[in-house]
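For reference, the structure is listed below as structure tokens.
The values are calculated or read from the model by the stated rules, or taken from the named source; none is laboratory data. Computed from a predicted model, the values in this text were never measured in an experiment. Cβ placement follows ideal geometry from the backbone for every residue including glycine, while neighbour counts extend to all protein chains displayed.
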Amino acid sequence: EIIDGTSVKYSNLYTECWGDEPNKRPNIQEIVSTLESLISYVEIDTSIDHINKKKETHSMEDEINPEFSKETIDLNNELILNDELNMSSNSNKEIRSSINEIIISKDESNIMTEYGNRMTSSQKYSPSNASASEQVNQVTKSSNDFIEFLNLDKIIAFVIEKHDKGTTFDQAQQLISKHISQINQATDQLIKWLLKNQDKTQYIWFLGLFYYYNIGVEENVSRAFELFSRSADDNYPIAQVYLAKCYYDGYGTKKDLNLAFDWYQKSAENGSVVGQFYLGNCYEFGIGIVENENKSFYWYNMAAENGNNNAKLYLAHCYRLGKGVEKDEVKAFKYYKRLAKQENADAQLQVGN
């Protein structure tokens, strides 16, 4: 619902984002352009208000000091206008550049839905009698909120991708902290945003990571387990992997290898590449299930085909030892050699032997 007094341009953007025909909705660049124009408009309006007040002051001075020429006053006003607009422009360069930088990596169809949701929940414009400076603050706040969730989705995708390629649980903590630092995102601001936006399953899982890895908050095993459980129950594959790990370690819950296996299996069947690798582990080492070398090889092979380097290493072991597949030292060596070039220490050891 659009409240009375909302800017016409902002109202139109909101309506267009939720149009019945997806093909007629504005694309990402059109959204950014509209936001920028809104910011610019209220900035100029603020500047003009400020200038008008200064003009009133100059008029009073002119009455008191008649030697001031009209040309001098006009020149002063022009200088004030230029100064005001330059200050306003510089103040929002960072917002605009952040939007444009992040926008490149997002899928347009997904971002449209998300942006519409954020517009609904974000602070709307004050009625038309609100001051221009208040409108600037509201537009900026809306833009910052937009940037915040874009940054977050970018980080989440990055963490999942790294896990799928072979980043282990032990390596993830440093990886997340480093990546947040690299994009100049304050950890405490991300946590505050997550706490206020627990409406998406990926945000529930990601908040759990902060408690799990003690990033920006005190470690809280119960809270992490609860958040992973909620997200996993909602069928989020990477959350199912983390929940399985909790049951495997007895983290935030009683240790239960059968449940660990069940959740790894669910994550693998839901397409998690790292889940496929760990399911192969379960079958190879009898974790919550009877050992089965054929199934172990099957899941290692699937994870390896999907790009998981740890699975490629275990697959090489299978070929070298003939576990779940016919022994083939030539194939094993090929895998070891490729991984050794990627500085995998275990593979380098096998190549050296």
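Observations on the structure shown:
- Those helices (runs of 4 or more DSSP H) of the range 275-353 in which 1 or more residues are at pLDDT below 95, of a type in the set (S, T, Y) and crowded, with 21+ Cβ neighbours inside 10 Å occupy 329-341.
- Of all residues in the range 210-221, those that are aliphatic (A, V, I, L, M) have Cβ atoms under 7 Å from Cβ atoms of residues that are assigned to a loop (DSSP other than H, G, I, E, B), 6 or more apart or on another chain, in V221/Y251; V221/G252.
- Qualifying residue in the range 319-326 (condition: over 23 Å from N292 (Cβ atoms) and aliphatic (A, V, I, L, M)): no
- Residue satisfying condition, being among the β-branched types (V, I, T), part of a loop (DSSP other than H, G, I, E, B) and under 18 Å from A157 (Cβ atoms), within set I204, I215, I238: I215
- Test: residue in the range 241-248 that is within 30 Å of N344 (Cβ to Cβ), surrounded by fewer than 20 Cβ atoms within 10 Å (Cβ to Cβ) and at pLDDT 95 or above: yes
- The set of residues from the range 282-303 being touching a residue at least 24 places away in the same chain (Cβ under 8 Å) and among the aliphatic types (A, V, I, L, M) comprises I287, I289, M302, A303.
- Hits in the range 135-192 - residues which are touching a Leu at 6+ places or on another chain (Cβ under 9 Å), outside any helix (DSSP H, G or I) and at pLDDT 85 or above: G166, T167
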